[in-house]
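Undergrad: Submitted below is the structure of interest, expressed as structure tokens.
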Amino acid sequence: MRESAEAKASGRQRARAVVLIGFMGAGKSSVGRALAKRLGWGFEDLDERIELRERRKVSDIFRDSGEGGFRRAEHAGLKELLRELRPGRERIVALGGGAFAQKQNVRLIEASGVPVVFLEGDAAELWQRCRQQARRQGIERPLLGSLENFRALYEARRPHYLKASFRQETGGKTVEEVAAALVRGLGLD
């Protein structure tokens, strides 16, 4: 069993980055921004980097190049991001929901020594968060059509997420509560 983020990270060298992973709706971007603000670090969403590098939206990459094309762009973006990490340029990095399910990405992150936090939540709660966000933004997300399909994809990815260095439960917690727990749990206070 991996450490929970509530466990103190005693005796470790201060991190220069923290990678947040988890399924849609887990709060990777919201918690990432709040955590970065608390620490005075930068925040980066890997999908946003990919869109800048590729000069097109993630949905367009999937449509035009398929999942394989997207995963290649994702890996290149992650490799570039990890190379940029150094003291004075600390950051919180939010990965897309499928990034940590790719072995080559896991190997890159492990080699960098950056701690990885799985933001865990109940599939039904994550589904509701995503549906509310989609309604607010006026977008339609195909994966939100059925809780059963959403849950099936979550359960397929969960074993990969459980390989993270730390796990932080997000259910019933505010973004600020999760960020505060991560600061304590990762020994960044």
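Undergrad: Any idea which residue in the range 130-159 is farthest from the chain's Cα centre (by Cα), counting only those that are open to solvent by 60 Å² or more (accessible area, probe 1.4 Å) and closer than 18 Å to A94 by Cα?
TA: The qualifying residue farthest from the chain's Cα centre (by Cα) is Q133.
Undergrad: Also, quick follow-up: What is the number of the single condition among (1) farther than 21 Å from A156 by Cα; (2) open to solvent by 20 Å² or more (accessible area, probe 1.4 Å); (3) in a helix (DSSP H, G or I) that A34 does not meet?
TA: The failed condition is (2).
Undergrad: Could you grab me the full set of residues in the range 131-189 that are in a helix (DSSP H, G or I), closer than 23 Å to V19 by Cα and of a type in the set (G, A, S)?
TA: Within the range 131-189, A156, A179, A180, A181, G185 qualify.
Undergrad: Here's another thing I want to ask about it. Looking only at the range 160-178, count every residue that is under 14 Å from the mean Cα position of the chain (by Cα) and of a type in the set (G, A, S) and tell me the total.
TA: 2
Undergrad: Residue by residue through the range 47-64, note down the ones that are closer than 20 Å to Y154 by Cα, out of contact with any helix residue (DSSP H, G or I) (no Cβ under 6 Å at 6 or more places or on another chain) and either among the aliphatic types (A, V, I, L, M) or part of a strand (DSSP E or B) (or both).
TA: Scanning the range 47-64 gives no hits.
Undergrad: Just the residues that are within 22 Å of L186 (Cα to Cα), open to solvent by less than 50 Å² (accessible area, probe 1.4 Å) and of a type in the set (K, R), please, taken from the range 67-106.
TA: R91
Undergrad: Can you name every residue in the range 115-129 that is open to solvent by less than 40 Å² (accessible area, probe 1.4 Å) and over 15 Å from K28 (Cβ atoms)?
TA: A123, A124, W127
Undergrad: Name the single residue, out of those in the range 82-112 being part of a loop (DSSP other than H, G, I, E, B) and free of Cβ contacts under 8 Å to residues at least 60 places away in the same chain, that is nearest to K37 (Cα to Cα).
TA: G88
Undergrad: Okay, next question. Somewhere in the range 96-105, is a residue among the aliphatic types (A, V, I, L, M) and at pLDDT 95 or above?
TA: yes
Undergrad: Now, a different point. Give all pairs with beta carbons closer than 6 Å in which a residue from the range 113-130 that is part of a loop (DSSP other than H, G, I, E, B) meets a residue that is buried (at least 22 other Cβ atoms within 10 Å of the Cβ) and modelled with pLDDT of 90 or more; count only pairs at least 6 apart in sequence or on separate chains.
TA: Listed by first residue and then by second, the contacts come to V114/A17; V114/V19; P115/V18; G121/A26; G121/T170.
The values are calculated or read from the model by the stated rules, or taken from the named source; none is laboratory data. Since we're looking at a predicted model, the values are computed, not measured. Reconstructed Cβ throughout: ideal geometry from the backbone, glycine too, with neighbour counts over all protein chains shown. Remember, those area values only see protein heavy atoms, side chains included, never the ligands or the DNA or RNA. Shrake-Rupley method; radii C 1.70, N 1.55, O 1.52, S 1.80 Å.
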